[in-house]
Each structure stands twice: as structure tokens, then as C-alpha cells.
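Colleague: If you scroll down you'll find the structure; I have some questions about it.
Just so you know, all these numbers are worked out from the coordinates, no wet-lab data involved. Computed from a predicted model, the values in this text were never measured in an experiment. Note that we place each Cβ from the backbone using ideal geometry, even for glycine, and neighbour counts take in every protein chain shown.
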2 protein chains.
Amino acid sequence: MPDLRKDPVSQRWVIIAQERAKRPSDFVHEPMGEAPSFDPFAEGNEDKTPPEIAAYRDRGSAPNKPGWRVRVVPNKFPALQVEGHLNKRGDGLYDIMHGLGAHEVIIETPQSVPSFTGLPDAHVLDILWMYRDRLLDLQRDMRMKYGLVFKNVGASAGATLYHTHSQLICTPIVPSIMSIKTQSCEAYYKFHERCLLCDMVAQELSQKARVVADSGSFLTFAPFAPRFPFETWIVPKPHSSHFETLGRVAMEELAFVLKRVLLKIEKGLEQPPYNYMLFTSPFHTGPSEHFHWHLEITPRLTPVAGFEWGTGFYINPVPPEDAAEFLRGVKV
Amino acid sequence: MPDLRKDPVSQRWVIIAQERAKRPSDFVHEPMGEAPSFDPFAEGNEDKTPPEIAAYRDRGSAPNKPGWRVRVVPNKFPALQVEGHLNKRGDGLYDIMHGLGAHEVIIETPQSVPSFTGLPDAHVLDILWMYRDRLLDLQRDMRMKYGLVFKNVGASAGATLYHTHSQLICTPIVPSIMSIKTQSCEAYYKFHERCLLCDMVAQELSQKARVVADSGSFLTFAPFAPRFPFETWIVPKPHSSHFETLGRVAMEELAFVLKRVLLKIEKGLEQPPYNYMLFTSPFHTGPSEHFHWHLEITPRLTPVAGFEWGTGFYINPVPPEDAAEFLRGVKV
């Protein structure tokens, strides 16, 4: 009998349909992509992107020239643009406003590689520092309400470029998924006087079945109600509402943890397309007892079909307990 | 400057990013699929599916034998199952229940074809009558709260079989997307004493720019805030909360309209993968002044990426006004 499970953070019901279960090797997918003949993100091609917004560079190197380790540029085809005013208005019964916001690309290395998992831990740490720097810089603009750092790897996960990169989009309203998350965390806190994700961490540590990796300050686990096969969350163990306030030592540990769980996914699932999304608190909010930042990694092995689009339910053929056991076993 | 537009029914914000605009021919996609060497849904292979639940058959033909026009069977790998009890329970802080429900496959023709658009209008009408028959039969089970009829065409829209078919899934709770739709329709009604979709139909008819086809009882249009390029809705013009109560003449018109809009999409967009979803009222609800049933057709030309998964926002490079103009121009 399949299970219906509810994710307490997103309030989403998920169907865990073991009868449809598959082994990891049964998922057919295109690989993460092939190196293109021309790579606009490679060192030496700095003039092929819009001028850089930020970069970690060798001392003495000039902007938009070689000599960088991590480089941030505006998206060439931005979904949202930083100039202008919101101009909220109606069109008959419809609501419309200008697409004000920001859309940046974080080029994670000068090398033409499809993933940062082959880079040294110290380089992955630089990428995380850059996420933080960009979030801190963008939230100085009071028109911006939320910033989402995310990564698309592979065509069916939405990537159009091979070279490893992340994106940051700032929106002028708090997105619905984030609103639902903060609302459920707040409702849970009001009822229990405890943080929902702190309680989840405690339960996962005690039940063990869904834990993928446990290090000092971070728990990596398959959530109880994952939308997708091998969906994996990284959650800081001490309560923290803002990724941006992470200390230096914890940031180093996060780089270590993130690189290794991505290595497990890339090796165990044979270079699958995947996304990850960093959920930190909305901009201009103080430290919160309710919300607890986290990172969600979602391999894209199953298509989303009419049932999901029509209901908001997801059908997942791999129970998270099986997914966690599999990922625990992948040696990296 | 991109627009941020809100769909009043789903409460979803969508980014219409014209700067990223593409012509229909710029969308690269796999075709709808190739005819398989073996087709379990073809006439003569009735023993290759679970025994039929319902069929429209030639007089005198036996169940699970040739001689049918439309045939319904249980899904061989059901996401939800009809036997047993819900058994709602907790697992620590998590919520879980048995995957009670129904999951049926409506085989739309004995012929091995990937779409019903090549069949006579009278045959398409039979498919719609079968949708109605199955919804009416399943809602006799008081454990079922909602029934969604949907269609997946092409691998990236979630189809695993070439032979044209629809599916019907019944769930033991009203799905979140349907809850949000009914809630926004109810809130609009409370404020205006009018039905939201009736007002949308009136505005679309007056503005004309998003209308794809206008027939006596149905309006076909690109919604103001479409998630996907060329997303198209079919809405009955007279207010009606339940698809199941549609009269004979209107049902014939719907068959005519649905076949022709799908022909436009298949021809104009070169056999794209697509989904459609039929949103009728939840089971066991009486006629409602608020909710207005409708059918959503969503071609799947753009991948869903980290930004959409992380925010619930969608980025659509094709303004609905352009999409409607294009589809109006496709001759079928």
C-alpha cells in the first residue's frame, strides 16, 4: 500500500509509491552535459559576459580580466531587472507590477568543469562566502524582499550552460513557497514553543533511518516526505534563521559537507541532473526563533506530470529510508 | 522590463520575461514519441492490462475482448489504491496515512495513435462521456474527496506510453492546488458577489488579446499569468461548478473545441509534449456560485528549474498575448 506523507515545512502531501519502486540504476536520464566548444564562463572570456559585480581575485588583477577564483555577473537574459520602480497596478481584475529584482550568475571557478565537486574544499568555501556576500549586498536594497540562491545542473534541471555556476534571484515580494515555509514554522512554534526544524533534526537523529551524513554542526538527511527520489536536505544543527550569520568554522564545515553529499549524488546516481536551493530568511527580518535556514538538493530523475501540476501532490517511487541507505553506502 | 503578473485563481505570481522571448520554433523538444513495437493498449491486447472497469463496446462484445471504443482499466502501477482504510496517524512530528484512492487509465481508442486529435469528433465526445462516467462512479465512494482527470503526452510531460490515454486519480483529501483555487474563488465571490472565472471570461472577451477561440458555450484563452509558454485554458461561458453536469449539446461543443485547440497546439508547436488537467469541483459538494470548472492545457517546452522549485514563481518567456495571437493563426 502506498503511503501519503506530509512534509511539515512545505505542507505538501507526497505519495510514496513503493509498488512503483525503482533501483537507482533504473532511472534513465541524460548526463550532466558535455563540454561545449566555446565556454563564455572560462578564464580569458571575461569580455563575453556582462561586466562583473563581484569577484575573488588575485591581488593586482583587474576586474573583467583573468586572475579570479569566483566571479559574479548579471544574468545576460535576466528574469528580473534591478532598474526602475515596481509600479503595482491593476488591469481589470488582474494584478501586475514591473519585474523589479536582481538576477546574478555566480561563476564558481575559471575552469571549464560541470561541477565544483572536483575542486579543493577551500574553493567550495569561497563559493559559499560569495553566496553570503551577494545576499548581504543585495539586501541593502530595501525594494528587494527575498533572495534565493540556487543551482541548476543538467538540461532537464534547467541548466543551459555546462560550466559550473549558481544563480541568485531577488524578488520584490516574498515568494509563495517561502511564505508557506515561514507560516508553517511559525504555527508549529506557536503550538509547541519549539522550532520545527530543530525538532526534525532531533527526530531524524533518533530514528536514524533517513540520515545520510551527520557531522558536528550539520545534519544531512532524506526528508520524511520528499517530492523527488533521493531528495536530500542539509540543515544546521544549532538553531539559525539566517545563512548569512554562519560563523567561519561552520561555513568551512558546510563546504565540506555540501561537496561530499553532492559527490555521493553524482557518483551514486551517475551524474544526474539536479537542483539545489538555499532557503534563508526573507530580507530585512531579524533573527527568528521560528524559521531555520536549510538547503534542499533535488535530483531530477522523474518527470513532473499532469497529476503533480493538477494537485500539488507528488508521486515518489523511492521511500526516503531507501534513498538514505543508498546514499550512506556511496563511498566518496 | 519583465512583468510580474498574478494568476487570480491559483494566486501564483509569474514572471513574463519578454527579453528572454522566443519564437515557437526556438523551443527544442523531443517529439511526442514513436510507435512502440508492442502496444499493450491496442485492440487484441486486452489481456495485457488489468481487467477493465468500464468500456464503451459494440453490442454483444465481451469485456476484456476486442470490440470497444473507449476502455478504462486500473493503472498497473497505481499511485493510490482503492482497498483498505486511511489509517491516519503520526510518526513523531510527521503525518502519514495509507495511500487510499483510485488510479485509472482511460484508453481513448483501440488504435495505436499518440493523440485523439485524428479521431472523429464523435469519438472525442465518447472520451469526454467516459471522463464523466468515471467521475460519477468514483464519487459514490465517500472516502474519495477529489478526482482529477489529466493527460500526459510525451516523455518530458510524464508519459510512459505512446498510445493516447488519459488518467484519473482520486485522492482521500482535497489537493492543495484545488484548495487554493476554491479559496481564491470564494474570497473573490465574497468581495464582489460575482464568480471570478465568469468575470475573467467577460474581461477576456472584451480585451480580446488573449482569446484563442470563442464558440457559443466555451471560451479558449491564454491566461493572464501563464506558468508555461502557450498555456491555454478552456472555460465554459455559462457559470457551472461541475463538469459532470454539462448538458449533451455543450458536451458535443466541448469535444469539438478541445480537439481543435489541441490540433492547433500539436501543429503550431510541432507535436510538443503537453499535459491537460480538468479542474471540476471536489466530490460531494453541491452546485457552487464560487467555483467554475475549467480545463488547463500546458505545453511543456521549458524546463522547471531551481528558481521555480524554490519560489513557486514561474518564468515564462512568451507573453500570453503573443501566444494567443500565434495559436489563433494556426489553421486546423
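Colleague: Among (1) surrounded by fewer than 23 Cβ atoms within 10 Å (Cβ to Cβ); (2) in contact (Cβ under 8 Å) with a residue 40 or more places away in the chain, which single condition is B:Arg140 missing?
Modeller: (2)
Colleague: Considering only segment A:86-94, I want to know if a residue exists there that is more than 18 Å from A:Thr280 (Cα to Cα) and surrounded by 18 or more Cβ atoms within 10 Å (Cβ to Cβ).
Modeller: No, segment A:86-94 contains no residue that is more than 18 Å from A:Thr280 (Cα to Cα) and surrounded by 18 or more Cβ atoms within 10 Å (Cβ to Cβ).
Colleague: Follow-up. Within segment B:177-216, how many residues are crowded, with 18+ Cβ neighbours inside 10 Å and part of a loop (DSSP other than H, G, I, E, B)?
Modeller: Of the residues in segment B:177-216, 2 are crowded, with 18+ Cβ neighbours inside 10 Å and part of a loop (DSSP other than H, G, I, E, B).
Colleague: So, one more: With (1) within 11 Å of another protein chain (Cβ to nearest Cβ); (2) free of Cβ contacts under 8 Å to residues at least 40 places away in the same chain as the list, and A:Ala209 as the residue in question, which single condition is left unmet?
Modeller: (2)
Colleague: Got at least one residue in segment B:145-162 being away from chain A (no Cβ under 11 Å) and closer than 30 Å to B:His29 by Cβ?
Modeller: Looking for residues that are away from chain A (no Cβ under 11 Å) and closer than 30 Å to B:His29 by Cβ, one finds at least one in segment B:145-162, hence yes.
Colleague: Go through the residues of segment A:103-111 one by one and say whether even a single one is within 14 Å of another protein chain (Cβ to nearest Cβ) and hydroxyl-bearing (Ser, Thr, Tyr).
Modeller: No, the conditions are met nowhere in segment A:103-111.
Colleague: Residue check: is B:Glu266 of a type in the set (Asp, Glu), under 17 Å from the mean Cα position of the chain (by Cα) and crowded, with 19+ Cβ neighbours inside 10 Å?
Modeller: yes
Colleague: Failed condition for A:Ala225, given (1) within 14 Å of chain B (Cβ to nearest Cβ); (2) in contact with a Leu (Cβ under 6 Å, 6 or more places away or on another chain); (3) surrounded by 18 or more Cβ atoms within 10 Å (Cβ to Cβ), with all others met?
Modeller: (2)
Colleague: If you scan segment B:311-323, which residues turn out to be under 22 Å from the mean Cα position of the chain (by Cα) and over 12 Å from B:Ile265 (Cβ atoms)?
Modeller: Within segment B:311-323, B:Gly312, B:Phe313, B:Tyr314, B:Ile315, B:Asn316, B:Val318, B:Pro319, B:Pro320, B:Glu321 meet the criteria.
Colleague: Here's a follow-up. Exactly one condition in (1) touching an Asp or Glu at 6+ places or on another chain (Cβ under 6 Å); (2) crowded, with 19+ Cβ neighbours inside 10 Å; (3) closer than 20 Å to A:Leu125 by Cβ is false for A:Phe256; which is it?
Modeller: It is condition (2) that A:Phe256 fails.
Colleague: Do you know which residues across segment A:71-99 are within 7 Å of chain B (Cβ to nearest Cβ), in a strand (DSSP E or B) and closer than 17 Å to A:Leu148 by Cα?
Modeller: A:Gln81
Colleague: Residue check, A:Asp126 against (1) surrounded by 14 or more Cβ atoms within 10 Å (Cβ to Cβ); (2) more than 28 Å from B:Pro317 (Cβ to Cβ); (3) without any contact (Cβ under 8 Å) to a residue 24 or more places away in the chain; (4) among the charged types (D, E, K, R), all met but one. Which one?
Modeller: (3)
Colleague: Which residue, of A:Val174, A:Val149, is under 30 Å from A:Gly44 (Cα atoms) and not in a helix (DSSP H, G or I)?
Modeller: A:Val149
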